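Data first, discussion second: the structure below is written as structure tokens.
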Amino acid sequence: MVLIGGEVHRRAVAVQDHFGDITAFVQEHLAGVRIVRAFAQEEAEARLFHTLDHGYIRRNLALARTQGIFHPLLTLLGGAGAVIALVLGGRAVLDGTMSIGGFVAFGVYLATLVWPMIALGWAISLLQRGDAAADRVQTLLGETADIQEATQAAPLPETSGPRRVTFEGIWFRYPGAGRDWVLRGVSLDLPPGEVMGIVGATGSGKSTLAELLLRTYHPDHGRILLDGVDIRNLSLGDLRAAIGMVPQETFLFSDTLRQNVLLGMPDDGRLEVAAVVSRLDRALADLPDGWETMLGERGINLSGGQRQRAAIARALVRHPRVLVLDDALSAVDAQTEAEILGALRDAMVGRTALIISHRFSAVRDADMIIVLDEGAIVERGTHAELMALGGRYLALLSRQELEESLA
């Protein structure tokens with residue numbers, strides 16, 4: 001029981017782990033089914049699934065074979081015990097060292113013990129499988145968040161106006177051995193009510209600044225202040241209630257468009273205002289049930305531009321004091337982008353805004369523009385000042401204009 005029970009446990013863990021791999025594979029490929037179809041990879045992905053499936057079958061058969069040894073082996077041992085008792089006990093009776101009554105009683109007791117031992121083996125087999133599954137659950141439940149609430153959260157200063165955002169000497173690299181620095185000594189100050197634009201080449205660290213501001217990660221060195229308070233000393237609820245974030249990748253739930261935009265906020269008229277600013281109201285006529293249209297997984301029945309406009313509206317309905325747009329207009333056309341930016345300028349009055357974009361038209365009117373290159377600030381100033389400087393900003397802008405003209 002000890003030897004076989006341990007083997008059942010190991011093989012049950014292997015079955016559970018492989019089933020997790022299959023589940024992840026199916027979920028990922030169903031979510032990305034349009035990519036699979038676009039690249040005509042149906043047969044290749046089906047072969048991969050069958051390979052995983054056959055591996056799962058092999059592991060299950062190995063577990064079944066191990067479990068199958070239990071009952072026959074215990075029955076065999078019970079029969080062998082009876083034979084041994086019959087031979088040795090019979091010889092003892094013939095020799096006169098044991099009475100016939102004692103021999104019969106011993107045989108009855110032995111026969112009585114066989115079935116409980118088989119049942120115990122079956123129970124041990126079930127317990128080992130259950131223990132393997134429980135280990136996986138306990139491993140998940142035992143995980144702790146990398147970002148923890150402050151032990152004694154400092155209060156965020158009360159204000160009905162915009163807030164100041166300050167980055168002081170930020171050095172950061174993503175977790176993992178051998179990774180290079182993503183941000184190198186970044187320091188910037190965003191005064192209350194002003195708009196700051198951040199531009200740079202792909203991989204220069206623009207989006208990382210937004211993630212650090214929301215405490216998705218902690219910087220390795222330096223600190224980030226919100227109204228003079230280190231964000232690590234704030235409660236996550238206070239911090240994220242003060243910041244409205246529109247990420248690069250828009251996630252929408254399988255719910256109505258209304259509930260996706262409100263996301264727990266009261267429907268007190270703010271929805272319509274946010275829809276006008278984000279130009280989401282123009283998409284309502286194309287949807288079968290308007291605000292009550294049920295969205296598919298990740299908003300699959302909306303276009304990329306409609307999803308981004310929904311994300312902008314979602315951020316605006318929270319009336320945040322700090323608004324962060326992380327390449328939030330990349331999927332809309334130039335005309336719609338200009339209209340949204342024009343409406344956002346009015347909506348950002350009384351708010352501090354951080355606009356991260358690879359499109360220079362989105363940051364042209366910002367009060368301050370930061371140019372990042374390989375994680376460091378190489379230039380800063382207004383659009384006119386940076387154009388006159390003739391440095392990295394002008395080079396990036398010229399390249400973008402050339403790419404648009406070629407397109």
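The values are calculated or read from the model by the stated rules, or taken from the named source; none is laboratory data. Owing to the predicted nature of the structure, the values given are computational and were not obtained by experimental measurement. No Cβ is skipped: glycine too gets one built from the backbone with ideal geometry, and neighbour counts run over all protein chains shown. Surface areas here come from the heavy atoms of the whole protein model, side chains and all, with no ligands, DNA or RNA. Shrake-Rupley method; radii C 1.70, N 1.55, O 1.52, S 1.80 Å.
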Discussion item. With +1 on the Cβ of every Lys and Arg and -1 on the Cβ of every Asp and Glu, and nothing else charged, how large is the dipole of segment 264-407 about its Cα centre, in debye rounded to the nearest 20?
Written reply: 300 debye
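Report, in deg cm²/dmol and to the nearest 500, the calculated mean residue ellipticity at 222 nm for the chain, where each DSSP H run with n ≥ 4 adds -39500 (n - 2.57) and the sum is divided by the residue count. Intermediate results must be reported in sequence, preceding the final value.
Values: 12 runs with 211 residues, N = 407.
That comes out to -17500 deg cm²/dmol.
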Discussion item. Let me check against my output: what whole-number percent is the relative contact order of segment 1-104, with C-alpha pairs under 8 Å and at least 6 apart?
Written reply: 35 percent
Discussion item. If I take every Cα pair under 8 Å that is 6 or more residues apart in the chain, average their sequence separation and divide by the length, what percent do I get for the relative contact order?
Written reply: 17 percent
Response to the item:
Residues of segment 298-325 with backbone N under 11 Å of the label point set 7 Å from the Cα of residue 254 along Cα→Cβ are 298-299
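Taking each pair of distinct Cα atoms in segment 83-149 once, what is the resulting Kirkwood hydrodynamic radius in Å?
Values: mean 1/r = 0.0615 Å⁻¹.
Final number for the Kirkwood radius of segment 83-149 is 16.3 Å.
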Worksheet item: Given springs between every Cα pair under 10 Å in a Gaussian network model of the chain, which of 35, 340, 356 has the largest fluctuation?
Response: 35
Practice prompt. May I ask you to rank 129, 91 by accessible area, largest first, using a 1.4 Å probe over the protein chains only?
Written response: 91, 129
Practice prompt. Give me the distance in nm between label points sitting 7 Å out from Cα along the Cα-to-Cβ direction at residue 38 and residue 225, one decimal.
Written response: 4.5 nm
Worksheet entry | Charge dipole of the chain about the Cα centre (unit charges at C-beta), most positive-ward option of 198, 212, 84 | 84
Discussion item. Quick check on segment 86-224: take the gyration tensor over C-alpha atoms, sort the square-rooted eigenvalues as a ≥ b ≥ c, and tell me if it's rounded (a/c under 1.5), prolate or oblate.
Written reply: prolate
Worksheet entry | Mean-position separation - Cα centroids, segment 328-350 and segment 264-308, in angstrom | 16 Å
Fill in: Evaluated at q = 0.16, 0.21 Å⁻¹: base-10 log I(q)/I(0), Debye formula over Cα of segment 192-280
-0.91, -1.25
Worksheet item: By how many degrees, between 0 and 90 and to the nearest 10, does the Cα long axis of helix 42-95 differ from the longest principal axis of the chain?
Response: 20 degrees
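Could you please tell me the mean projected area of the C-alpha convex hull for the chain, averaged over all directions and given in square nanometres to one decimal?
Details: hull surface 126.5 nm².
For the chain, the mean projected area of the Cα convex hull comes to 31.6 nm².
For residue 282 and residue 334, compute 0.36 nm times the residue count separating them, minus their Cα-Cα distance, and round to one decimal in nm.
On the way: separation 52, 0.36 × 52 = 18.72 nm, distance 1.57 nm.
Length gained between residue 282 and residue 334: 17.1 nm.
When the expected Rg is taken as 2.2 N^0.38 Å, what fraction or multiple of it is the alpha-carbon Rg of segment 281-388? Don't skip to the end; give the middle numbers.
Values: Rg = 16.0 Å, N = 108, 2.2 N^0.38 = 13.0 Å.
Dividing the Cα Rg of segment 281-388 by 2.2 N^0.38 Å gives 1.23.
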Item to complete: Provide the packing ranking of 304-311, 109-116, 11-18, i.e. peptides ordered by the mean count of other C-beta atoms within 10 Å per residue, highest first.
Response: 304-311, 11-18, 109-116
Discussion item. Just to confirm the number: angle between the C-alpha axis of helix 334-347 and the first principal axis of the chain, 0 to 90 degrees, nearest 10?
Written reply: 80 degrees
Practice prompt. In debye, nearest 20, what is the charge dipole magnitude of segment 22-124 about its Cα centre with +1 on Lys and Arg Cβ and -1 on Asp and Glu Cβ, if you could check?
Written response: 60 debye
Discussion item. Compute, for the chain, the length of the dipole vector about the Cα centre, with Cβ point charges of +1 (Lys, Arg) and -1 (Asp, Glu) only. Units Debye, rounded to 20.
Written reply: 1120 debye
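So how much slack lies between residue 94 and residue 154, counting 0.36 nm per residue of separation and subtracting their Cα-Cα distance, in nm?
Values: separation 60, 0.36 × 60 = 21.60 nm, distance 9.02 nm.
Gain on stretching residue 94 to residue 154: 12.6 nm.
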Worksheet, complete the sentence: Once the dipole of segment 297-407 is set up from charges on Cβ (+1 Lys and Arg, -1 Asp and Glu), the residue from the list 347, 390, 378 lying farthest towards its positive end is 347
Practice prompt. Positive end of the charge dipole of segment 260-380 (Lys, Arg +1 and Asp, Glu -1 on Cβ, about the Cα centre): tell me which of 357, 294, 369 has its Cα farthest that way.
Written response: 369
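Given the C-alpha atoms of segment 149-199, compute the convex hull and give its volume per residue in Å³. Intermediate results must be reported in sequence, preceding the final value.
Values: hull volume 6.6 nm³, N = 51.
Hull volume over Cα atoms, normalised by residue count, gives 129 Å³.
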Response to the item:
In degrees, nearest 10, the alpha-carbon axis of helix 392-406 is tilted away from the dominant principal axis of the alpha carbons of the chain by 80 degrees
